1. Suppose the filter is of a type in the set (Asp, Glu) and part of a loop (DSSP other than H, G, I, E, B); does residue 449 pass it?
2. Every residue in region 54-71 that is among the small types (Gly, Ala, Ser), buried (at least 17 other Cβ atoms within 10 Å of the Cβ) and in contact (Cβ under 8 Å) with a residue 40 or more places away in the chain, please.
3. Please state which of the following conditions residue 477 fails to meet, knowing it meets all the rest: (1) buried (at least 21 other Cβ atoms within 10 Å of the Cβ); (2) closer than 22 Å to residue 83 by Cα.
4. With the checklist (1) closer than 30 Å to residue 326 by Cβ; (2) in contact with a Cys (Cβ under 6 Å, 6 or more places away or on another chain); (3) assigned to a loop (DSSP other than H, G, I, E, B) in hand, flag the one item residue 133 doesn't pass.
5. Could you tell me which of the residues 142, 178, 127, 96 is assigned by TED's automatic domain parsing to the domain that holds residue 220, more than 24 Å from residue 427 (Cα to Cα) and not charged (D, E, K, R)?
6. For the structure I just gave you, tell me whether residue 207 is in a helix (DSSP H, G or I), among the hydroxyl-bearing types (Ser, Thr, Tyr) and within 24 Å of residue 353 (Cβ to Cβ).
7. Just to be sure, is residue 388 at pLDDT 90 or above, more than 30 Å from residue 52 (Cα to Cα) and surrounded by fewer than 17 Cβ atoms within 10 Å (Cβ to Cβ)?
Amino acid sequence: MTNNQNLLKKNMLHRVAFFALIFTLAFLLTACTPLLADDFNYAFSWADESRIDNFRLVISSMRAHRAWTHGRVFAQGLVTIFMMWPRWVFPIFNALIVTLFFWETERYFRFRLISRPVLASAVVGVLIWICMPVFGQIALWLDGSCNYFWGAALGWTLIVEVMMLDQHPHPSIVMLLLVLPAFVVGAWSEHISFAVLMMLFLLILRSWIREKRFPAREAGLLLSGVLGYLFLMLAPPMLPSALKKRAAYAAGEHVSAFLEMLKEYWWVLLIVLLIGLLLFLWLRRKTIRERLTALTDLALAAVLAAAAFFAVRVVRDEGAFSLVSSTPVGFLSLLACFLLGLRMAFARKVASAIILDAVMLCLSGMGALLLFLFAMYVPARGFCAPVVFMGLSTGLLWCSAKPEKPKLILSLLFAVFAVCFVIGCSDIWSLHMQAEKREEAIREALRTDGVLVAQPYSVRTKYAALYGLQDLAPGEDWPNDYIKDYYGLKEIRVVSEG
């Protein structure tokens, strides 16, 4: 066997082992996550509140859902389907979607000629685990996974297929096969779909400029995605006429909050502007790459300062343990990692195609946050697209730039991951054990008087799916009543925590 054959065999074994590990971890963590909150709503029809047990009722329920709630019928329809199937089915499907995401990621890195695509994919996974706000809600919770990570994974799959369209022997056939998936991805959710469509638009624009030819096939897929987005956003509850007052109020709230922040931290903005002016004067005769490097340094310093500020405030107000679940610290840390990768890419003279890919991914992910300016409801889950896309772009930059001390950087990154992984898994396991006790109490109640006496689940970190969600609560109809009807109980009595 030649050296090349040995290398190919070794690489194949690495890939198989990596994907097997990803599938196993995703399956086990999902299997340890119980049904929570909104999950129970989707066991019942939005049309007549009957228990759903066939696909005909799923369709009628989603029609009513679109008429009265919002237009995410593909994502929410999947939640409804899984709620009428045995509990063990969803962990398998969720593990498959997570594995698909990393399979497409590794495939993309090979397409970009990254020397160690499996390692680069692992870096992406580590960054997402560390920096994703409310990770358990996005990647493990049934309703959250279908709405958020599944949308990002399917959107990324579409993006990779578009990038590699010309690599296929029959690109036109592949394009036709992708038309329906593009519509579905476009109709998935307000922010993830927007990020995917923005990325497709940027890819088409780049191809048009470079090749001096309008990419009609890719534009057809974008059109299909836009039609899907219109299908989503033109659902009656989401029509502009119904949201004008809400949107104006939300925009006003965001502007007021921004102005209040400027009043308190105006000096930070002044310092950044002064440094920017000095850099501009200093770089007047420098090359474009040197200017971009200096501006990246400025942005990196500002983001690191902001991350440090939020970290100190979190430790002061909530304790050091809360750093694990801090949305601002996690998001700003990822943004700093991206800027560091961008700086290394400029310094190492990485190919412009790779830098452009990374910047477009980052901009597309950040673009999803623009929609929050008009949203009354701004959950941490909405950061899914920005974190996923920035994680991909950061992994691409780091593994392309090949920093001077890669082992040190990767060792630090994986050390932070190991700490977060242990803490997160312990909280997921704690929630699983609490759910097992509740299930046993439910079985006992069904054998006796049908009255469940229980206390709410207790979790500590963003890795447990319940973090930030409401479980059983004293005197509340939701979600108590849905849980009661789902299990066939007569009554649920909630005792105080402790």
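1. Details: of a type in the set (Asp, Glu): yes; part of a loop (DSSP other than H, G, I, E, B): yes.
Yes: the conditions hold for residue 449.
2. Keep residues of region 54-71 that are among the small types (Gly, Ala, Ser), which gives 60-61, 64, 67, 71.
Imposing the further condition that a residue be buried (at least 17 other Cβ atoms within 10 Å of the Cβ) reduces the set to 61, 71.
Correct list: 71 only.
3. Among (1) buried (at least 21 other Cβ atoms within 10 Å of the Cβ); (2) closer than 22 Å to residue 83 by Cα, residue 477 violates only (1).
4. Answer for residue 133: the failing condition is (2).
5. Values: 142 fails: more than 24 Å from residue 427 (Cα to Cα); 127 fails: more than 24 Å from residue 427 (Cα to Cα); 96 fails: more than 24 Å from residue 427 (Cα to Cα).
Step by step, each of 142, 178, 127, 96 is checked, and only 178 is assigned by TED's automatic domain parsing to the domain that holds residue 220, more than 24 Å from residue 427 (Cα to Cα) and not charged (D, E, K, R).
6. On the way: in a helix (DSSP H, G or I): yes; among the hydroxyl-bearing types (Ser, Thr, Tyr): yes; within 24 Å of residue 353 (Cβ to Cβ): yes.
It is true that residue 207 is in a helix (DSSP H, G or I), among the hydroxyl-bearing types (Ser, Thr, Tyr) and within 24 Å of residue 353 (Cβ to Cβ).
7. Numbers: at pLDDT 90 or above: yes; more than 30 Å from residue 52 (Cα to Cα): yes; surrounded by fewer than 17 Cβ atoms within 10 Å (Cβ to Cβ): no.
Spelling it out, it is not the case that residue 388 is at pLDDT 90 or above, more than 30 Å from residue 52 (Cα to Cα) and surrounded by fewer than 17 Cβ atoms within 10 Å (Cβ to Cβ).
Rundown of residues vs (1) of a type in the set (Asp, Glu); (2) surrounded by 13 or more Cβ atoms within 10 Å (Cβ to Cβ), yes/no style:
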{"residue": "440", "(1), (2)": "yes, no"}
{"residue": "446", "(1), (2)": "no, yes"}
{"residue": "449", "(1), (2)": "yes, no"}
{"residue": "453", "(1), (2)": "no, no"}
{"residue": "458", "(1), (2)": "no, yes"}
{"residue": "471", "(1), (2)": "yes, yes"}
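The values are calculated or read from the model by the stated rules, or taken from the named source; none is laboratory data. Not measured: the values here are computed from a predicted model. Here the Cβ is made from the backbone with ideal geometry for all residues, glycine too, and neighbour counts use every protein chain on show.
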